[in-house]
Amino acid sequence: MKGTAAEKTIEALETIFNEQTYPETIRTDNGPPFAGQQFADYCRSKNIRLIRTIPYWPQMNGLVERQNQGILRVLRIAKATNSDWRKAIKDYVYMYNTSPHSITDQPPMELMTGRPVKDLIPSFRTDANCNRNEDVREKDAIKKLQGKIYADEKRHAKPSDINVGDFVMLKNYETGKLEPKFRLEKFTVVKKHGNDTVVVNGDGVMYRRSVTHLRKWPSTNNDTAESLPQRPLSLEGNKDLKENDKRVLEDMETDEPEAASKRPTRTKKLPERFR
């Protein structure tokens, strides 16, 4: 803080409360931002109980005073080593929030957020496959699937018939009412994983696009697989591939999108009264 105005103090506190919700109580000293009527009115409007310490009695707010000792120690070390004191403060706060407390045996951040703290030491508690909140995850997956089914019905979505080896056109991203929707250039599909598709033109330049941005090229008798660019598409032992092409293939290999879920189908029957 660069000043002691109550308005700026309230603005800084709001950024914290927007992430952590409003507290039940606030304990302050009798400094300029907190002693005025404006801060008291703010706490009253947010249903926060304001507790001011007794003047010249720092023991009433012992937790803050003890924390100040650690902060001052970090500042002295940063000054002695000519390091950035702002980064030193951030590292100290993170260390304090993620270290198990001597009384509770749990890190303060874990008590605040209700989830295990992940650090550099592997742990089953923070593993991605841990069965934490399994009911919530299952409910979320069901709702997302229902939303996908509803959206697919409204958009009349259907499976794509584009496969590896097909000739396609690429969507034109240039704006303008007179611009064509698809570029008049032939591309060949060289890799496809779900909706994630990689195409290549006659010069060997590869693009990674969604299958919804592709359209099949009008078929002719001259369209054969022999028109594929005679360039190796392997990452290993190929020095001629451009850096952009390498990134495209690496993205396809590392990014594994979720497999498209199959929509449930039902048999439609005519009601008995109409037969």
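The values are calculated or read from the model by the stated rules, or taken from the named source; none is laboratory data. These numbers were taken from a predicted model, which means no experiment stands behind them. Cβ: placed from backbone, ideal geometry, glycine included. Neighbour counts: every protein chain shown. Remember, those area values only see protein heavy atoms, side chains included, never the ligands or the DNA or RNA. Shrake-Rupley method; radii C 1.70, N 1.55, O 1.52, S 1.80 Å.
Quantify, in whole percent, the carbon and sulfur part of the accessible surface of the range 1-129 (1.4 Å probe; protein heavy atoms only).
On the range 1-129, the fraction of accessible area on carbon and sulfur atoms equals 57 percent.
Cβ neighbours within 10 Å, averaged per peptide: list 27-39, 149-161, 1-13 in order, most packed at the top.
So the order, starting with the most tightly packed, is 27-39, 1-13, 149-161.
Treating only the Cβ atoms of Lys and Arg (+1) and Asp and Glu (-1) as charged, compute the dipole magnitude of the range 1-105 about its Cα centre; round to the nearest 20 debye.
In total the dipole reaches around 320 debye.
To make sure I understand the rule: partners must be lysines, Cα under 19 Å from the Cα of LYS46, and not fewer than 8 residues away in the same chain. Which ones qualify?
By straight Cα distance, LYS46 reaches LYS8.
Could you work out how far the C-alpha centroid of the range 44-84 sits from that of the range 163-180, in angstrom?
The range 44-84 and the range 163-180 have Cα centres separated by 61 Å.
Restricting things to Cα coordinates, could you compute the convex hull volume per residue of the range 14-60 in Å³?
Dividing the Cα hull volume of the range 14-60 by its residue count gives 85 Å³.
Would you mind checking which residues have amide H under 5 Å from ASN195's amide H? H placed 1.01 Å from N; only 5 or more apart, or other chain.
none
Using the structure shown, list the pairs from LYS158/LYS216; LYS158/LYS269; LYS144/LYS191 with a Cα-Cα distance above 20 Å, or answer none.
Result: LYS158/LYS269; LYS144/LYS191 exceed 20 Å.
Quick one: P(r) of the range 1-123 from all Cα-Cα pairs, 5 Å bins, percents rounded to integers, in order of increasing distance.
The percentages, shortest bin first, are 2, 9, 13, 17, 20, 19, 13, 5, 2, 0.
Taking amide hydrogens as modeled 1.01 Å from N in the peptide plane, which residues meet the under 5 Å criterion relative to PHE182, leaving out close sequence neighbours?
Residues meeting the criterion, in which the H sits 1.01 Å from N, are ASN172.
Report relative contact order for the range 40-122 in percent, whole number only (criteria: Cα-Cα under 8 Å, sequence separation at least 6).
After rounding, I find 12 percent.
Quote the charge dipole size of the range 51-112 about the Cα centre in Debye, to the nearest 20; the model charges only the Cβ of Lys and Arg (+1) and of Asp and Glu (-1).
340 debye
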